[in-house]
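K.L.:
Structure provided below as structure tokens; questions to follow.
The values are calculated or read from the model by the stated rules, or taken from the named source; none is laboratory data. Values in this document were obtained by computation on a predicted structure and should not be read as measured data. Here the Cβ is made from the backbone with ideal geometry for all residues, glycine too, and neighbour counts use every protein chain on show. Please note that ligands, DNA and RNA were not included when accessible areas were found on the heavy atoms of the full protein model with its side chains. Shrake-Rupley method; radii C 1.70, N 1.55, O 1.52, S 1.80 Å.
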Amino acid sequence: MKLLDCSCSKIVGFFTILVALIAAVFHHLENSECTEVTFPRMANDMKTLEENFRQKNKTCFILGASGETGKELLKEIVSRQIFSRITLIGRRQLTFEDKTYENVIQEVVDFEKLDDYAAAFQGHDIGYCCLGTTKAKAGTEGFIRVDHDYVLKSAQLAKDGGCSHFNLESSRGADKNSGFLYLRVKGEVEADVEELGFERYSIFRPAVLMVDRQESRPAEWLARKFLAPVSYFFPTALSIPIKSLVRAMVVNTLIEGEKKVEIIENKAIYNFGKIAEK
């Protein structure tokens, strides 16, 4: 009996230490990001920010509106009615049953021949790029073509067409010198778009997006099941709700940027998203 009690005590002690270590790791991830993003002084100023921005009569376009982020971003922008014109640029026409989308303009383009569709990128003040695929879905070459080449060419045409503020959905850990293909490509396209010289360039680096995708991605489904309880205690350590991301993109648009290039990391995205909820 004493031997059994001793074994149980060791097991309990081991798991206590393990849980403490895991909690420490998550706490570090939760607080490891450094951001210089300036937040509005008053969260309840959202309506004022929206009204002031609305008076500027700005127009925007969204790349990748058929994807999860693009769909949520479009929904958020339409509901807030902050743009005088919204244009979707994509490879196919989208169908909307809700009449609130009836004034949304759609431009169908061939991303392999984007120069032939330069007119679709003209006359927009602000651009949102949510283009992206995976290596598993498109292969290595296809992934690079979509996440780098299509994005960069679209940004170039947008810049030539008069776009002054370009918003790019990237990824936490993006680094052009990374040994991981995904993070390297994300880092490379961040740097290449910066070279185009937009008046304002906002890079969003979310962690794993918490979203129920329509397409099947088993690995992400398992990740979400694991991350759901973790995110309750550590909301920005490993993941972020997709609604927080799109709300952050909108709030950041409404605020006058103090920097020409701004990198908005996961925790800042979460904080921006909280502002938009109020």
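K.L.:
Is it fair to say K113 is out of contact with any Leu (no Cβ under 8 Å at 6 or more places or on another chain) and either crowded, with 16+ Cβ neighbours inside 10 Å or modelled with pLDDT of 95 or more (or both)?
P.N.:
Numbers: out of contact with any Leu (no Cβ under 8 Å at 6 or more places or on another chain): yes; either crowded, with 16+ Cβ neighbours inside 10 Å or modelled with pLDDT of 95 or more (or both): yes.
Against the criterion (out of contact with any Leu (no Cβ under 8 Å at 6 or more places or on another chain) and either crowded, with 16+ Cβ neighbours inside 10 Å or modelled with pLDDT of 95 or more (or both)), K113 qualifies.
K.L.:
Output the residue which, of all residues in region 116-139 that are aliphatic (A, V, I, L, M) and farther than 20 Å from I82 by Cα, is most open to solvent (accessible area, probe 1.4 Å). Before you say what the answer is, go through the steps one by one.
P.N.:
Initially, region 116-139 is screened for residues aliphatic (A, V, I, L, M), giving 118-120, 126, 131, 136, 138.
Next, only the ones that are farther than 20 Å from I82 by Cα stay: 118-120, 131, 136, 138.
Working: A118: 31, A119: 76, A120: 8, L131: 26, A136: 104, A138: 45 Å².
Looking at residues that are aliphatic (A, V, I, L, M) and farther than 20 Å from I82 by Cα, I get A136.
K.L.:
Going by the structure shown, is E169 open to solvent by 30 Å² or more (accessible area, probe 1.4 Å) and within 30 Å of I255 (Cα to Cα)? Before you say what the answer is, go through the steps one by one.
P.N.:
Values: open to solvent by 30 Å² or more (accessible area, probe 1.4 Å): no; within 30 Å of I255 (Cα to Cα): yes.
Answer is no for this residue.
K.L.:
Which condition breaks for A155 when tested against (1) in a loop (DSSP other than H, G, I, E, B); (2) buried (at least 19 other Cβ atoms within 10 Å of the Cβ); (3) modelled with pLDDT of 95 or more?
P.N.:
That leaves (1) as the condition not met.
K.L.:
Could you count how many residues in region 148-181 are charged (D, E, K, R) and within 14 Å of R205 (Cβ to Cβ)? Walk me through how you get there before you give the answer.
P.N.:
First pass over region 148-181, keeping only residues charged (D, E, K, R): 149, 153, 159-160, 169, 172, 175-176.
From the residues that got through so far, the ones that are within 14 Å of R205 (Cβ to Cβ) too are 169, 172, 175-176.
Looking only at that region, the number is 4.
K.L.:
So which residues in region 79-91 are open to solvent by less than 30 Å² (accessible area, probe 1.4 Å) and closer than 22 Å to D149 by Cα, if there are any at all?
P.N.:
First, pick out the residues of region 79-91 that are open to solvent by less than 30 Å² (accessible area, probe 1.4 Å): 82-83, 86-90.
Listed by number, the residues that qualify are T87, L88, I89, G90.
K.L.:
So which of A118, A174 ends up being closer than 22 Å to M249 by Cα, aliphatic (A, V, I, L, M) and either without any contact (Cβ under 8 Å) to a residue 60 or more places away in the chain or not in a strand (DSSP E or B) (or both)? Give the derivation first.
P.N.:
Numbers: A118 fails: closer than 22 Å to M249 by Cα.
Testing whether each residue is closer than 22 Å to M249 by Cα, aliphatic (A, V, I, L, M) and either without any contact (Cβ under 8 Å) to a residue 60 or more places away in the chain or not in a strand (DSSP E or B) (or both) leaves just A174.
K.L.:
Here is a follow-up. Restricting the search to region 47-74, which residues are basic (K, R) and buried (at least 17 other Cβ atoms within 10 Å of the Cβ)? Don't jump to the end; show me each part of the working.
P.N.:
Let us first name the residues in region 47-74 that are basic (K, R), namely 47, 54, 56, 58, 71.
Answer for region 47-74, where residues must be basic (K, R) and buried (at least 17 other Cβ atoms within 10 Å of the Cβ): K58, K71.
K.L.:
Looking only at region 92-110, which residues are touching a helix residue (DSSP H, G or I) at 6+ places or on another chain (Cβ under 8 Å), surrounded by 12 or more Cβ atoms within 10 Å (Cβ to Cβ) and not in a helix (DSSP H, G or I)?
P.N.:
V104, E107, V109
K.L.:
Can you tell me which residue is nearest to C60 (Cα to Cα) among those in region 177-190 that are open to solvent by less than 30 Å² (accessible area, probe 1.4 Å) and either charged (D, E, K, R) or free of Cβ contacts under 8 Å to residues at least 40 places away in the same chain (or both)?
P.N.:
Filtering region 177-190 for residues that are open to solvent by less than 30 Å² (accessible area, probe 1.4 Å) and either charged (D, E, K, R) or free of Cβ contacts under 8 Å to residues at least 40 places away in the same chain (or both), the one nearest to C60 (Cα to Cα) comes out as E190.
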